[in-house]
Amino acid sequence: MKTEVKPVPFAARPKTFRPQTGVENIGKIADGLAAALSDTYALIMKTHACHWNIVGPLFFSAHTLTEEHYKEMFAAADVIAERIRALGRLAPASPVSASAADALKPDASAREMIEALIADHEALARLMHDLVEAAAEGGDPVTEDLATARSAFHEKAAWMLRAMIAD
């Protein structure tokens, strides 16, 4: 006897909602988180490109450090997306497209690759600083803490990369 399996109804797109946690300016905070998520994925891609393509005397140390960085950022992306959902908004799910300006040059030296990563980590740290302020203004200590932790990671990553290429 064959049992018929009926499909379970599944909402392909979850709905937004307004959490009743006292957080104000949810749209501004969620938009900041969405920008951070997008920029994080773009930096993951760039970090992977550096990890795969770097050559020269810095190869091993850069290869090892960039692997640590992209793994940490990948885990962080999930935390950021989940925070967007906790605020009642939909986490962006469109593919990240790195523009020509964001991509590493195919003939970039190890130093140029690392300098590009430093610039992006510093830009993400600044974005997180802005998000800390927006979260504080909106009475959202959870996002404030998340953005503070992400900023600390990006500042440390920039410092470590900068130390790698110091003369």
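The values are calculated or read from the model by the stated rules, or taken from the named source; none is laboratory data. This structure is a prediction, so every number in the text was calculated from the model and none was measured. So basically every Cβ, Gly included, is an ideal-geometry build from the backbone, and we count neighbours across all protein chains shown. Keep in mind that these areas ignore ligands, DNA and RNA; they rest on the heavy atoms of the full protein, side chains included. Shrake-Rupley method; radii C 1.70, N 1.55, O 1.52, S 1.80 Å.
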Margin query: As an exercise: evaluate Arg83 against (1) crowded, with 18+ Cβ neighbours inside 10 Å; (2) within 16 Å of the chain's Cα centre (by Cα); (3) not in a helix (DSSP H, G or I) and give the number of the one condition it does not meet.
Written below: (3)
Item checked: Selection status of Arg111, in contact (Cβ under 8 Å) with a residue 24 or more places away in the chain, open to solvent by 50 Å² or more (accessible area, probe 1.4 Å), charged (D, E, K, R) and outside any helix (DSSP H, G or I) -> no
Notebook entry, point to check: Quick one: how many residues across the range 52-74 are surrounded by fewer than 17 Cβ atoms within 10 Å (Cβ to Cβ) and within 9 Å of the chain's Cα centre (by Cα)?
Noted result: 1
Check: From the list Ala49, Ala116, Ala123, Ala135, which residue is in a helix (DSSP H, G or I), small (Gly, Ala, Ser), touching a residue at least 24 places away in the same chain (Cβ under 8 Å) and open to solvent by less than 20 Å² (accessible area, probe 1.4 Å)?
Finding: Ala135
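Here is a yes/no grid of residues against (1) buried (at least 20 other Cβ atoms within 10 Å of the Cβ); (2) small (Gly, Ala, Ser):
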position: Leu33; (1), (2): yes, no
position: Ala36; (1), (2): yes, yes
position: Thr40; (1), (2): yes, no
position: Met45; (1), (2): no, no
Next item on the list: Take Leu146 and decide whether it is open to solvent by less than 10 Å² (accessible area, probe 1.4 Å) and either basic (Lys, Arg) or within 18 Å of the chain's Cα centre (by Cα) (or both).
Entry: no
Next item on the list: Check off (1) farther than 21 Å from Thr47 by Cβ; (2) part of a helix (DSSP H, G or I) for Leu161 and give me the number that stays unchecked.
Entry: (1)
Note to self: If Lys105 meets every condition in (1) open to solvent by 60 Å² or more (accessible area, probe 1.4 Å); (2) closer than 20 Å to His154 by Cβ apart from one, which number is that one?
What the structure shows: (2)
